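Please treat every number below as a calculation from the coordinates, not as lab data. Just so we're clear, the structure is a prediction, and the values are computed from it rather than from any experiment. Every residue, glycine among them, receives a Cβ derived from its backbone with ideal geometry; neighbour counts consider all protein chains shown.
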Amino acid sequence: MSARLARLALALYPLAYRRRYGEEMAVLLEDSGASPGAVADLLRGAVRAHLRPVPSLQAELGRDERLRLGLSSILLCWVVFSVAGLALYKTTEDHAFTVAADAHGLLGAAHFAIQVLALVAAAAVAVGALPLIVLALRQARERRKVERAALLAAACLLVFGLASAALVLVASLPPAPGDALAATSLTIWALIALGCGIGCALAGRRGLLAIEVPRGTLILARACATALAAAMVGIAALTAVYLVDLESIAPGLAGDANGPLGVPDVALTLSFVLIAMVALAVPAALSAIRAWRRPVAR
């Protein structure tokens, strides 16, 4: 088990880092053994390598490879961002929030605009990813890495489908589940969905680095990734507007208990959601800016 965790920890390092030091680290790991302490050190090193990239290692990657890594990073941010969006939706789905939105123009406009941007983001993912998926499926038989990436994505989709079917089954079987069971089921489903989404995003990154992509397709993917990052920034900004306006015009509603246990209140939940959105939208936006600074190779 420790050996598998060690290999996973090595895989978490940036690609440039692995290309320069991967073989040396693997040999060192074999010689010293994959103890729990070694795994912990590898995980800490992976975090530091991402937070403090070494400029000299950038030469290990080609221009198109850096572009593809940036695009896949935006997709990964969106996967986690979507979970925060789900929390926003579930927190504000009750009738009282609809009434408040109808009665106050800014609150209603912010909520509606968030939904529009969510649709724009979903469309950007579909338009940008579909041509790449088709290319990956066509090249899967010829490239082993692409085939493994496709199998990983298919497994994640299968697990997500089974989890969704189980959630529907729990909700439909009599007697109706209580608040605690419903919240627990939804939480488990959300965690599984998050894991499957991250798995698909990582599979997409692995496949994107392994396939041959025409210049026009890569330009389209860059444009869609930019639209996705812009939508994330817009949703985060509108969530901030929604939170401030809700506390201003409906402080009682903002202070209502949220969730089956009654904690935290709505305002605190939305604050956590906003923090998560900003933490994900900022790196996505920076990745999009860097993507436009790197011309696509002809």
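Remark: region 119-128, residue by residue, has Karplus-estimated 3J(HN,Hα) of 5, 4, 5, 4, 5, 5, 4, 5, 5, x Hz, where x stands for each Gly or Pro and the curve is 6.51 cos²θ - 1.76 cosθ + 1.60 at θ = phi - 60°. Its residue count N sets the reference 2.2 N^0.38 Å, and the alpha-carbon radius of gyration of region 71-129 equals 1.32 times that reference. Region 2-57: percent of C-alpha pairs farther apart than 14 Å? Beyond 14 Å sits 49 percent of the P(r) for region 2-57.
The listed peptides 149-155, 239-245, ordered by packing as a protection proxy, come out as 239-245, 149-155 (highest mean of other Cβ atoms within 10 Å first).
For the chain, how big is the tail of P(r) above 30 Å, as a whole percent of Cα pairs? Considering the chain, 43 percent of its Cα-Cα pairs are separated by more than 30 Å. Comparing Cα centroids, region 72-101 and region 183-223 end up 19 angstrom apart.
Sorting ILE211, ILE188 by the number of Cβ atoms found within 10 Å of their own Cβ, with the fewest placed first, yields ILE188, ILE211.
Each of ASP31, ASP64, ASP41 has some number of other Cβ atoms within 10 Å of its Cβ, and from fewest to most they run ASP31, ASP41, ASP64. Eigenvalues of the alpha-carbon gyration tensor of region 198-298, scaled by 5 and square-rooted, set the equivalent ellipsoid semi-axes at 38, 16, 9 angstrom, largest first.
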